[in-house]
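One structure below.
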Amino acid sequence: MKQHLIFDLDGTLIDSAPSILHCFGLAFSTTNTPLAAPLTHDVIGPPLMETLKRLSGSEDTTLLNTLAAAFKQHYDSSGCLQSVVFDGVPAMLQQLQAQGYQLYIATNKRFYPTERIMAHLGWQRFFTGVYALDYFNPPLKSKAEMIGRVVAENGLALAECLYIGDRLEDGMSADANQMDFTLVSWGYAGDVAMRKPHWHSCAKVQDLAGLISTL
């Protein structure tokens, strides 16, 4: 039986794509940097520097740091607060909490804007812990490592844990920790066709609590 539910954030609980893509666009335009790849939904999810390398087509540290600073200026000030909550998510979180589950966030999004989003939405009351790669010092290199640290730092039993996300990386990170995984397809859902046979899947927010209760 699952007791501890660890959620991805972007594409799972919130739709942050429009605001993130807008801020990426501003970062490139204000620094007069040409885009080497289109600003499409599939750039949402990986860590910031990884995405900037892809969008710029460059490994130049100075350029990447300049782009990162420009993105952070736009996103951290107001862009992060433009995220849209998927329909039904607040009621789902409230239901899961009322049923006694412990809820956590483990996201590739940086910790500062994640905290701002949690406060803006009033979601701190739902989550026992909120984690990002740069929550840790030094910052972690992968979501798989982060999930492992969440389990270790909270003394969780793997058999009682479930990771919930919308991307192939989320499922592979759960697999790396021998943790059960549920792939949700109401968000960006670009990786649904690549789901593994042993993963659970859920297409509607209102069905997630019922699915979890059967695991």
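May I ask you to verify whether Asp87 is under 24 Å from Glu50 (Cβ atoms) and touching a residue at least 60 places away in the same chain (Cβ under 8 Å)? Steps first, answer last, please.
Working: under 24 Å from Glu50 (Cβ atoms): no; touching a residue at least 60 places away in the same chain (Cβ under 8 Å): yes.
Here the answer is no, as Asp87 does not meet what is asked.
Cβ-Cβ contacts under 6 Å between residues 6 or more apart (or on different chains), taken from a first residue in segment 199-215 that is under 16 Å from Gln97 (Cβ atoms) to a second residue that is among the charged types (D, E, K, R) and assigned to a loop (DSSP other than H, G, I, E, B), are listed as Ile212/Lys2.
Would you call Met179 out of contact with any Asp or Glu (no Cβ under 7 Å at 6 or more places or on another chain), open to solvent by 20 Å² or more (accessible area, probe 1.4 Å) and of a type in the set (A, V, I, L, M)? In short, no.
Residue count for segment 29-57 satisfying the condition of being more than 21 Å from Lys141 (Cα to Cα) and touching a residue at least 40 places away in the same chain (Cβ under 8 Å): 2. Per the listing Tyr104, Tyr188, Tyr135, Tyr163, the residue uniquely without any contact (Cβ under 8 Å) to a residue 60 or more places away in the chain, in contact with a helix residue (DSSP H, G or I) (Cβ under 8 Å, 6 or more places away or on another chain) and hydroxyl-bearing (Ser, Thr, Tyr) is Tyr135. With respect to the conditions (1) out of contact with any strand residue (DSSP E or B) (no Cβ under 8 Å at 6 or more places or on another chain); (2) open to solvent by 20 Å² or more (accessible area, probe 1.4 Å); (3) at pLDDT 95 or above, Gly190 falls short on a single one, namely (3).
The values are calculated or read from the model by the stated rules, or taken from the named source; none is laboratory data. Values in this document were obtained by computation on a predicted structure and should not be read as measured data. Counting neighbours? That spans all protein chains shown, and the Cβs are built from the backbone with ideal geometry, glycine included. Side chains are part of the model used for accessible areas, which takes the heavy atoms of the whole protein and leaves out ligands, DNA and RNA. Shrake-Rupley method; radii C 1.70, N 1.55, O 1.52, S 1.80 Å.
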